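The values are calculated or read from the model by the stated rules, or taken from the named source; none is laboratory data. Note that the structure is a prediction, hence the values are computed from the model and not measured. We place every Cβ from the backbone using ideal geometry, glycine too, and count neighbours over all the protein chains shown.
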Amino acid sequence: MKKIEIFDPAMCCSSGVCGVDVDQNLVDFAADVDWAKQNGAQIERFNLSQQPLVFAAREVVKKMLERSGQEALPLTLLDGEVALAGRYPTRIDLARWAGISSPAPQEQSPGTCCSGGKCC
């Protein structure tokens, strides 16, 4: 199975889904990651404010940040190579990269924190 790594910009917590002013895109992405992991995907996220040494240690990430600055974040690596920069992957992207069957229409982009009867 392919390894998906997400390098997030600096956020207050590991997922960015915290505090009073939560970005709906982060809520949706957190739900997409949870869905993909439940379906067998191998995904790891790194937060610049909490794990800066990981960003510095990964040559491909370091070079991307030197070239494009923080605009490159979030940065998605697929088996160590850049797959996407500047935005979060969709649930369909995650499914394709992880070799998961495409999500049913009702499973695509939940749009809210609560999906499938459980809250994140």
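Scan region 66-100 for residues that are under 16 Å from residue 42 (Cβ atoms) and over 11 Å from the mean Cα position of the chain (by Cα) and the total you get is 11. In the condition set (1) loosely packed, with under 13 Cβ neighbours inside 10 Å; (2) out of contact with any helix residue (DSSP H, G or I) (no Cβ under 9 Å at 6 or more places or on another chain); (3) closer than 17 Å to residue 10 by Cα; (4) not aromatic (Phe, Trp, Tyr), residue 56 is compliant with all but (2).
Within region 32-59, the only residue that satisfies the criterion of being in contact with an Asp or Glu (Cβ under 7 Å, 6 or more places away or on another chain) and either at positive phi or in a helix (DSSP H, G or I) (or both) is 35.
Hey, can you tell me all the residues within region 59-75 that are in contact (Cβ under 8 Å) with a residue 24 or more places away in the chain and in contact with a helix residue (DSSP H, G or I) (Cβ under 8 Å, 6 or more places away or on another chain)?
From region 59-75, those in contact (Cβ under 8 Å) with a residue 24 or more places away in the chain are 61, 70, 73-75; that's our starting set.
If the condition is that a residue be in contact (Cβ under 8 Å) with a residue 24 or more places away in the chain and in contact with a helix residue (DSSP H, G or I) (Cβ under 8 Å, 6 or more places away or on another chain), then 61, 73, 75 are the ones that fit.
Being at pLDDT below 95, of a type in the set (A, V, I, L, M), touching a helix residue (DSSP H, G or I) at 6+ places or on another chain (Cβ under 9 Å) and surrounded by 15 or more Cβ atoms within 10 Å (Cβ to Cβ): is that true of residue 43 here?
Working: at pLDDT below 95: no; of a type in the set (A, V, I, L, M): yes; touching a helix residue (DSSP H, G or I) at 6+ places or on another chain (Cβ under 9 Å): yes; surrounded by 15 or more Cβ atoms within 10 Å (Cβ to Cβ): yes.
No, not satisfied.
Among the conditions (1) at pLDDT 95 or above; (2) part of a helix (DSSP H, G or I), residue 25 misses just one, which is (1).
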